Amino acid sequence: MARPGSSAAPLLLLLAAVAAALLAAAAASPAPSDFVRRSCRATQYPSVCEQSLASYGGSPPPRSPRELARAALSVSADRALAASAYVGRLCGSGHKKGAARKGGAPSSSAAGPVRDCLENLADSVGHLRDAAQEMGGAGMSRAGTPAFKWHLSNVQTWCSAALTDENTCLDGLSSLAVDAGTRAAIRGKVVEVAQVTSNALALVNKVGPGY
């Protein structure tokens, strides 16, 4: 006959193991630095900014407005590329009759707007990569010089163009030809990209003398 309370021991051990696993996961999750948190306050989506930059895998972590802006541009390019791949899978999954629309292939009438969105995302990836490369170039090393201002202007132009591409994609999805399931599936991905791109542009605008 089991002693009273003995059956609770395995449960307590299990709970202890779960708690330890949760603590370990929390410790492993990157937390934004004070510098990142302060910088993200200047963006339109601060929580998105902190989360995306906390997961940035660059080494060493960004410690200046220029390094942070470059990291944000790189993150935006990666997110745009992932969204582009997702929309590409939708386009390439075929247009089978009777296919499920929710998260499945777009209907033939929706194919045009979806492909246009895919092209816009591809352009966005290119612009963001160009901006990140420019931000890391030697021409940005001396703030306040004519060369610095010229390179910074290029970065701002490319980042703005990327944001325009993303918003153009979203506008195209409002077409009546795009069914609600396809629209929701793509919109969720692209809105996230537009938010991180908007944040990246805000951080780019903080690069320069006085910051």
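Read-outs throughout are calculated quantities, based only on the coordinates presented, and are distinct from any laboratory measurement. Since the structure is predicted, the reported quantities are computational estimates derived from the model, not experimental observations. No Cβ is skipped: glycine too gets one built from the backbone with ideal geometry, and neighbour counts run over all protein chains shown.
Miscellaneous remarks
- Local electrostatic count at R66 - Lys and Arg +1, Asp and Glu -1, tallied over other residues with Cβ under 13 Å: +2
- Distance in nm between pseudo-label sites at S33 and Q51 (7 Å out along the Cβ direction from Cα): 2.2
- Peptides 43-52, 161-170 ordered by average Cβ neighbours within 10 Å, highest first: 161-170, 43-52
- Per-pair calculated FRET efficiency, R0 = 22 Å: S174 and R115 via Cβ, rounded to 0.05: 0.90
- Share of pairwise Cα separations in the stretch 156-211, more than 19 Å, in percent: 39
- Fraction of alpha-carbon pairs over 20 Å apart in the stretch 101-205 - percent: 45
- Cβ-based net charge around S52, under 12 Å, with every Lys or Arg adding one and every Asp or Glu removing one: -2
- Using θ = phi - 60° in the Karplus curve 6.51 cos²θ - 1.76 cosθ + 1.60, the 3J(HN,Hα) couplings for the stretch 82-92 round to 5, 5, 4, 5, 5, 5, x, 5, 5, 5, x Hz; x is entered for Gly and Pro.
- Alpha carbon convex hull of the stretch 42-87, volume per residue in cubic angstrom: 81
- Rounded FRET efficiency, nearest 0.05, which uses the C-beta distance separating A42 from T145 and R0 of 30 Å: 0.80
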